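Trainee: The structure under discussion is supplied below as structure tokens; questions concerning it will follow.
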Amino acid sequence: MLPYLKLMRPANIITAFADILAGAAIVAGGLMVFGNVDLYLLLIATAGLYGGGVVLNDYFDAELDKIERPERPIPSGQVTKKQAFILGVSLYVVGITAAFFVNTVSGSLAVIIAILATLYDAKGKHLNWIGPLNMGLCRGFNLLLGMSVLPSVIFQNWYLLFIPVVYIAAITSISKGEVSGSTRKPLYVAAFFYLIVIAAIAYLGWESEANSLLASLVFVALFAVFILPPLAKAIKEPSAKRIQAAVKVGIISLIVMNAAIAASSAGLFFGLVVLSLLPFSFLTGKLFPVT
């Protein structure tokens, strides 16, 4: 099972759980969502969608990985391309089916996420600005998937999908230099996008009816402490090693970002609930590849 788990990137799937919980916090708030079976179905859905997407990413990258990452499961011969394809599609089916069990809005969003993820895997990541936008939309729609626990409210908050869109677009831009290093220009752009995301979440706390400005600021500060130092080190020394570290922290810090969104929308306790996913993601991130 180990090669298949490596393909699925368990630490990243945990960050996808944080998207769902943050989305649910935005539309439902507080503890009321924990008694909702639909929330757990959406967690299953995002696990299938994210897992399927990253498995198919390695499927499409098999030839390139023979050169750049020969230790990965497919180029090393631990998993065949056919097995990876079957696994990826099967995970998609699980994710989409679970989402349709919630409601048609959730199911439709799951289909959109699967399409966006596959487009990114097959073509989007090779296209300059389109690739980062493509991956950002995957995360943005995953946040909407969490909101779809209450579909009647989702359309009042749809614009919040742009927070993860901007953040993931920044990380995806940085990741272009994971193998051979980078120039400083995309790193400065990423820093600018990071600051936009930080400001947007703080503003969300300011505007929230949950009186959560203080909780929002605490989590936003924590988020900034996580993501800015590794990026600063990469800007100072834009080597592949520094960039890989910045990308890894950026991906795992999605949990902190979602905790900040949850705290801004529903208060301190719900932010802490989302943040509790962080140690599990760090632990699995030590055991399995993240990037």
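Trainee: Got a sec? Which of A224, A263 is small (G, A, S), touching a Phe, Trp or Tyr at 6+ places or on another chain (Cβ under 9 Å) and over 20 Å from L143 (Cα atoms)?
Mentor: Numbers: A263 fails: over 20 Å from L143 (Cα atoms).
Within the list A224, A263, the selection yields A224.
Trainee: Is one or more of the residues making up the range 91-111 under 30 Å from L195 (Cα atoms) and in contact (Cβ under 8 Å) with a residue 12 or more places away in the chain? Give the steps one after another, and end with the answer.
Mentor: So in the range 91-111, the residues under 30 Å from L195 (Cα atoms) come out as 109-110.
Checking the rest, the ones that are also in contact (Cβ under 8 Å) with a residue 12 or more places away in the chain come to 109-110.
Yes, that holds for at least one residue.
Trainee: Consider only pairs whose beta carbons are under 9 Å apart and that are at least six residues apart or on different chains; among these, list those whose first residue lies in the range 180-192 and is β-branched (V, I, T) and whose second residue is assigned to a loop (DSSP other than H, G, I, E, B) and at pLDDT 80 or above.
Mentor: Between residues of the range 180-192 that are β-branched (V, I, T) and residues that are assigned to a loop (DSSP other than H, G, I, E, B) and at pLDDT 80 or above, the close pairs are T183/P238.
Trainee: With the range 209-269 as the region, which helices (runs of 4 or more DSSP H) entirely inside it contain at least 3 residues that are modelled with pLDDT of 85 or more and under 15 Å from the mean Cα position of the chain (by Cα)? Before you say what the answer is, go through the steps one by one.
Mentor: Numbers: elements: 213-236, 240-252, 254-266.
Passing ranges, in order: 240-252, 254-266.
Trainee: Further question on the same structure: Within the range 42-81, can you find the residues that are more than 20 Å from M135 (Cβ to Cβ), assigned to a helix (DSSP H, G or I) and modelled with pLDDT under 95?
Mentor: Taking the range 42-81 as the starting set, the residues that turn out to be more than 20 Å from M135 (Cβ to Cβ) are 42-44, 63, 66-67, 70-71, 73-81.
Cutting the leftovers down to assigned to a helix (DSSP H, G or I) gives us 42-44, 63, 66-67, 81.
Listed by number, the residues that qualify are E63, K66, I67, K81.
Trainee: Which of the residues belonging to the range 119-150 are surrounded by fewer than 20 Cβ atoms within 10 Å (Cβ to Cβ) and of a type in the set (V, I, T)?
Mentor: I130
The values are calculated or read from the model by the stated rules, or taken from the named source; none is laboratory data. Fair warning: this is a prediction, and the values are worked out from it, not measured in the lab. Every residue, glycine as well, gets a Cβ built from its backbone with ideal geometry; the counts of neighbours run over all protein chains shown.
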